[in-house]
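Participant: Sharing a structure, written as structure tokens. Questions coming.
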């Protein structure tokens, strides 16, 4: 954790997972890379995903790539300066670029109808998300449901939803929460309900509760419309993010 220091905004999932689970969870594995007795990179595996963090992006990419190929993850994530060095080693993975954003000034929108999901609604939520190509592809229903349920029961994540005629049509979740830091993910609106402001509404609802609890809020976004939506709610970009997704 000393290596991460105050740079946790560059490795949020890795940082929060280590705070929450340490090295005792059977689903987590951690590796260090060192040069001249100094740490140059960290790799964390959680289920089928991995997170690579190098504070200055100066590390032995070939050595880390060899390790990752042994792990064979469905997804590798990290800052762009780190993953761009790994991309040439993974021809069967697709590089997706995005931004890390931090909530700096919440602009609350109309949030009527948005509420915190209970445990009985997690399965339905996992089914909705797993049907989406971008959100569900790296996981599949069973693994996504297992992770969402685990986070819910351990107070490690929360899910806000909005319904129309009984069906979940919009959602936003925290995929990691620990010691005053939370990561928003899984912002999703059913295609036929898009363009109606539902994403801003449900994102505002979850952010309002987090801010009220004194929690520092971060999020990842990958497309221009998501960038505009996050900025409208009050997020500002703090860095370039990337992920390699197995094709």
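The values are calculated or read from the model by the stated rules, or taken from the named source; none is laboratory data. The model shown is predicted, which means the values in this text are computed figures rather than measured ones. Here the Cβ positions follow ideal geometry from the backbone for every residue, glycine too, while neighbour counts run over all protein chains shown.
Participant: Of everything in the stretch 28-55, what is in contact with a helix residue (DSSP H, G or I) (Cβ under 8 Å, 6 or more places away or on another chain), in a loop (DSSP other than H, G, I, E, B) and either farther than 23 Å from residue 139 by Cα or free of Cβ contacts under 8 Å to residues at least 24 places away in the same chain (or both)? Give them in sequence order.
Facilitator: 54, 55
Participant: Residue under question is residue 129, and the condition is that it be assigned by TED's automatic domain parsing to the domain that holds residue 48, modelled with pLDDT of 90 or more and in contact with a helix residue (DSSP H, G or I) (Cβ under 7 Å, 6 or more places away or on another chain); does it hold?
Facilitator: No; evaluated as a whole, the condition is false for this residue.
Participant: In the stretch 56-68, which residues are modelled with pLDDT of 95 or more and either part of a loop (DSSP other than H, G, I, E, B) or crowded, with 19+ Cβ neighbours inside 10 Å (or both)?
Facilitator: 59, 60, 61, 64, 68
Participant: Here is a follow-up. Restricting to the stretch 163-189, and then to whatever is assigned to a loop (DSSP other than H, G, I, E, B) and without any contact (Cβ under 8 Å) to a residue 60 or more places away in the chain, can you tell me which residue is surrounded by the most Cβ atoms within 10 Å (Cβ to Cβ)?
Facilitator: Among them, the one singled out is 180.
Participant: Oh, and also: Counting only residues that are under 16 Å from residue 100 (Cβ atoms) and at pLDDT below 95, which one in the stretch 189-223 is nearest to the chain's Cα centre (by Cα)?
Facilitator: 220
Participant: Within the stretch 134-157, is there a residue that is in contact with a strand residue (DSSP E or B) (Cβ under 6 Å, 6 or more places away or on another chain), touching a residue at least 12 places away in the same chain (Cβ under 8 Å), over 18 Å from residue 47 (Cβ atoms) and not in a helix (DSSP H, G or I)?
Facilitator: no
Participant: Further, regarding this structure: Of the conditions (1) within 16 Å of the chain's Cα centre (by Cα); (2) at pLDDT below 95, residue 77 fails just one. Which one is it?
Facilitator: (2)
Participant: Taking residue 119 as the residue in question, decide whether it is in contact with a helix residue (DSSP H, G or I) (Cβ under 7 Å, 6 or more places away or on another chain), at pLDDT 95 or above and surrounded by fewer than 19 Cβ atoms within 10 Å (Cβ to Cβ).
Facilitator: In short, yes.
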